[in-house]
Amino acid sequence: MSLAQPSPAQERWLVLAARYPALRALAEVQHRTGGWKTSSWLSRCLFFVLGLAGASMILGSLMFVPGRLLLAGLAMLMLTEWMIAQRRVVRSGIEEALHVVGLGCIAAQLVLWMHRPDAGLVAATLALAPLLSGLRLLNPLFTALAAVIGSFAVALSGGSVFLEARLHKQAAALACLALGIAALVAGGRRHARPSHDAMLDGLVIAMPVAAWAWATWAAPGAPRLAAAAPQGLAVWLPALIPAGFILACVVLGVRRCRHAPLVAALACTACLAHALRALTGLPLYWRLILWGLVALAAAVLLEHWLRRPRGGITSQDVGEDSRHLDMLQTAGAALATPRAGGSEGQAAFQGKGGEFGGGGAGGRF
Amino acid sequence: MHTLEAELRELRAQPGADVAAVDRALALESGALFSVRRELLFALYAAALVVAGGVALLVRANLARIGPLALLAGILVASAVCYALALRPRLQGRERGLGLDYVLLLGALLASAAVGYAEVQFRWLGEGWSRHLLLLALWHLATAWLYDSRLVLSVALTSFAGWLGLEASLARLLDGPRGLRHLGWRALACAALYFAAALWHRHSRRRPAFREVYEQFAAHLAFWGVLALGFDERTRWLALALLVALAWFTGRAGFVQRRESLVLYAIGYSTFGALALEAQLLGRAFMYEFGLLTVAAAVLLLLRLRARLKEYAP
């Protein structure tokens with residue numbers, strides 16, 4: 001039994017209890033979970049926000065102390081370790097917020113103490129905070145965040161944050177692409193810890209999007225069918241990256257029965273649509289309406305077709321915890337509701353349908 | 001990849017285990033069964049938003065070129081098609097699937113866009129232009145009842161709150177104390193109405209799924225209303241009393257109904273209300289120290305309450 005974190009066996013029991021509510025009471029017994037306590041995602045979110053509030057209070061109370069970032073960071077880390085040792089909390093939100101902010105403060109203090117640091121070194125130092133926190137607390141979001149910040153380190157190495165022309169954007173895109181492919185390949189191997197799987201899943205989702213973002217930033221323009229001059233690879237790269245990942249992720253996601261590659265495929269679809277925005281020359285609203293209808297029709301037909309399991313794949317609810325999914329749907333519908341129409345003197349209608357969320361729903365695709 | 005098959009087999013051999021639930025979990029872990037419901041949910045929601053957003057942009061971009069009646073007719077026809085498609089399974093004696101749930105949501109969003117556009121363009125309601133939101137809310141409520149749709153009910157409740165002037169935006173925080181006070185009382189009134197509706201659904205047992213939607217809206221609106229009142233020094237102490245009472249009532253309801261979300265709302269909102277009050281009353285010297293104590297107390301209380309909630313779980 002480890003005080004630092006649950007053992008792989010204990011972690012699997014915790015994941016089982018979270019994943020299958022009907023089996024929770026049997027799974028969450030002392031000798032199986034080692035007394036470790038987790039949180040539902042809703043309470044984890046609240047605990048995380050409370051943790052951020054607490055971290056800001058610690059920082060604020062040390063405002064006038066020399067080396068305040070280092071002191072505040074150390075205080076937060078000590079508090080986190082005490083909570084983990086005494087309360088045996090894991091994936092609860094509160095310790096995650098304190099730990100990542102604490103390490104972030106220490107990293108920021110180190111950067112402030114550096115004498116004229118290279119921009120790449122600054123980014124690498126800042127990336128260490130979520131990386132170490134993610135590895136310590138087995139948090140996949142932090143490790144994915146570290147990878148994204150790390151891509152800035154690649155882009156900024158030897159360059160300057162103030163001179164865009166000297167950013168190595170294509171190098172950063174290729175680094176993200178390589179890491180995404182590596183994560184996709186490594187995800188096929190068996191891992192004892194579910195959290196290691198989750199970390200690879202986070203990279204599978206985040207890295208293709210980051211690669212696309214860097215390639216888009218590096219590209220001189222969007223590809224067009226009726227282009228006046230031949231368009232180089234740099235123009236097509238923002239489309240090729242997500243297109244390749246969509247294909248690979250759908251195949252591997254279905255074959256491995258894993259959700260992360262399928263989520264990555266959905267995210268890459270939005271990226272591909274943005275990359276090909278100038279291909280047809282249609283106005284933005286027609287593209288949104290047509291492609292939205294195509295996506296809606298495809299999803300409706302697929303859902304209908306998979307009601308009966310085909311090759312084991314189904315669109316039905318299969319008993320996993322879905323209470324909070326219902327709440328998300330309710331909140332999503334509320335947020336999608338158009339706001340009040342025009343008031344006196346307002347010339348144009350601003351229906352604002354779907355202003356919140358959704359690719360392109362706000363007119364910014 | 002990881003698998004929980006070994007653990008599930010151990011559970012299956014244990015006396016008192018729900019064998020059917022374990023077998024279903026084993027099928028999922030072994031890959032014999034794989035649900036893509038969540039991915040489809042995300043895709044459906046995103047697609048509905050994209051179409052609704054495209055329609056909004058179409059209207060804005062073509063106001064001068066396409067006749068307003070033609071545009072309005074087009075949107076209404078599209079909305080009607082969505083409603084008709086969603087009605088088909090019911091007419092055929094089948095249950096409506098997830099996909100058609102979101103087609104119905106798209107229909108509702110298009111109807112909202114059409115009515116809002118019509119009001120801006122033709123000013124049928126004159127000075128009472130905002131009443132179109134009330135009409136929309138009633139329409140959505142009626143269609144939510146007819147289709148038994150929680151998603152459309154959410155749209156109805158949001159439209160009604162919008163008619164009362166309860167729009168969630170950061171700009172509202174800059175309205176000043178008077179504006180926030182009015183917002184606060186309206187939010188509380190709206191919350192009371194939604195709570196009454198939830199009680200009715202609970203006692204009448206009709207459309208039982210609607211009850212939770214009403215309760216969620218009521219809880220959030222009530223807390224937001226109280227927090228808004230707290231920003232005005234004339235209603236600050238009244239807001240504090242209301243916050244304590246509301247937190248106690250909501251937390252207790254969460255315990256009785258075994259609903260963690262209500263307990264979380266009670267602790268979360270009351271913590272942030274307390275922090276806001278401390279920020280207003282205390283100087284910078286002690287604000288952070290008191291705030292840290294407040295957050296620590298909230299965390300400990302929440303850990304304790306969650307443990308008790310699990311202890312009493314059936």
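The values are calculated or read from the model by the stated rules, or taken from the named source; none is laboratory data. The structure displayed is predicted, hence computed values, not measured ones. We place every Cβ from the backbone using ideal geometry, glycine too, and count neighbours over all the protein chains shown. Calculation scope for accessible area: heavy atoms of the full protein, side chains included, ligands and nucleic acids excluded. Shrake-Rupley method; radii C 1.70, N 1.55, O 1.52, S 1.80 Å.
Considering only A:ALA123, A:VAL65, B:SER261, the residue lying farthest towards the positive end of the dipole of the protein assembly as shown is B:SER261, judged by Cα position with unit charges set on Cβ. When its C-alpha radius of gyration is set against 2.2 N^0.38 Å (N residues), chain A gives a value of 1.12. Modelled spin labels at A:VAL65 and B:ALA279, positioned 7 Å past Cα toward Cβ, are 2.3 nm from each other. Computed over chain B, relative contact order equals 9 percent, with contacts defined as Cα pairs under 8 Å that lie 6+ residues apart. Based on Cα atoms of region B:192-314, Rg over Rh with Rh as the Kirkwood radius reads 1.04. Over all other residues within a Cβ to Cβ distance under 12 Å of A:GLY187, the charged ones net out to +3, with Lys and Arg as +1 and Asp and Glu as -1.
Would you look at the GNM of chain B, springs on alpha carbons closer than 10 Å, and say which of B:LEU303, B:LEU221, B:LEU166 moves the most? The residue that fluctuates most here is B:LEU303. Projecting the Cα positions of B:VAL226, A:ALA239, A:SER322 onto the charge dipole of the protein assembly as shown (unit charges on Cβ atoms of Lys, Arg, Asp and Glu, taken about the Cα centre) puts A:SER322 furthest along the positive direction. Scanning residues 5 or more positions from A:ILE313 or on other chains, those with amide H under 5 Å from its amide H are B:PHE34, with H placed 1.01 Å from N in the peptide plane. What region B:181-314 shows is 52 Å² of accessible area per residue, with the surface traced by a 1.4 Å probe over protein heavy atoms.
Cα centroid distance between region A:15-57 and region A:279-304, in Å? So the separation of the two Cα centres works out to 39 Å. Using the alpha carbons alone, the radius of gyration of chain B stands to its Kirkwood radius in an Rg to Rh ratio of 1.04. The value of relative contact order for region A:2-112, using C-alpha pairs under 8 Å at least six residues apart, is 31 percent. The smallest convex shape that holds all Cα atoms of region B:84-133, its convex hull, gives 81 Å³ per residue. Take the convex hull of the alpha carbons in region B:1-54; its mean projected area over all directions comes to 5.3 nm². Taking label points 7 Å from Cα along the Cα-to-Cβ direction, B:VAL77 and B:PHE122 give a separation of 1.7 nm. With the Cα gyration tensor of region B:1-140 giving a ≥ b ≥ c as the square roots of its eigenvalues, does the rule (a/c under 1.5 for rounded; else a/b larger than b/c for prolate; else oblate) give rounded, prolate or oblate? Since a/c reaches 1.5 and a/b is larger than b/c, the shape of region B:1-140 is classed as prolate. For region A:33-67, the set of chymotrypsin sites (Phe, Trp or Tyr not before Pro) satisfying both a DSSP loop assignment and a count of at most 14 other C-beta atoms within 10 Å is given as A:PHE64. Placing unit charges on the Cβ atoms of the charged side chains and taking the dipole of region B:1-103 about its Cα centre, the candidate lying farthest along the positive direction among B:CYS82, B:LEU69, B:VAL50 is B:LEU69.
For region A:1-157, taking the reciprocal of the average inverse distance between every pair of different Cα atoms yields a Kirkwood hydrodynamic radius of 16.7 Å.
Solvent-accessible surface of region A:1-134, taken per residue with a 1.4 Å probe and all protein chains present: 44 Å². Taking 0.36 nm per residue of separation and subtracting the Cα-Cα distance, full extension of the segment from A:MET78 to A:ARG323 would add 84.7 nm. Debye-formula intensities of the protein assembly as shown, expressed as log10 I(q)/I(0) at q = 0.06, 0.07, 0.08, 0.10 Å⁻¹, are -0.38, -0.53, -0.71, -1.19 (one equal scatterer per alpha-carbon, no solvent). Comparing mean-square fluctuations of B:GLU278, B:GLU39, B:GLU215 from a GNM of chain B with C-alpha springs under 10 Å, the top value falls on B:GLU39. On full extension, the segment bounded by B:ALA13 and B:LEU146 gains 43.2 nm, given 0.36 nm per residue less the C-alpha separation.
Between A:SER7 and B:ALA307, the FRET efficiency estimated from the beta carbon spacing at R0 = 30 angstrom works out to 0.85. With viscosity set to 0.692 mPa s and temperature to 37 °C, compute the Stokes-Einstein D of region B:189-253, Rh being the Kirkwood radius across alpha carbon pairs; µm²/s, no decimals. It diffuses with D of about 264 µm²/s by this estimate.
Charges were assigned to the Cβ only: +1 to each Lys and Arg, -1 to each Asp and Glu. The resulting dipole of chain A about its Cα centre is roughly 600 debye.
When +1 charges are put on Lys and Arg Cβ atoms and -1 charges on Asp and Glu Cβ atoms, the dipole computed for region B:198-240 relative to its Cα centre reaches about 360 debye. Each Lys and Arg adds +1 at its Cβ and each Asp and Glu adds -1 at its Cβ; summed about the Cα centre, the protein assembly as shown shows a dipole of about 760 debye.
Summing +1 for each Lys or Arg and -1 for each Asp or Glu among the other residues whose beta-carbon sits under 13 angstrom from that of A:LEU252 gives +3.
Once the gyration tensor of the Cα atoms in region A:241-287 is diagonalised, the equivalent ellipsoid follows with semi-axes of 26, 9, 7 Å, ordered largest first.
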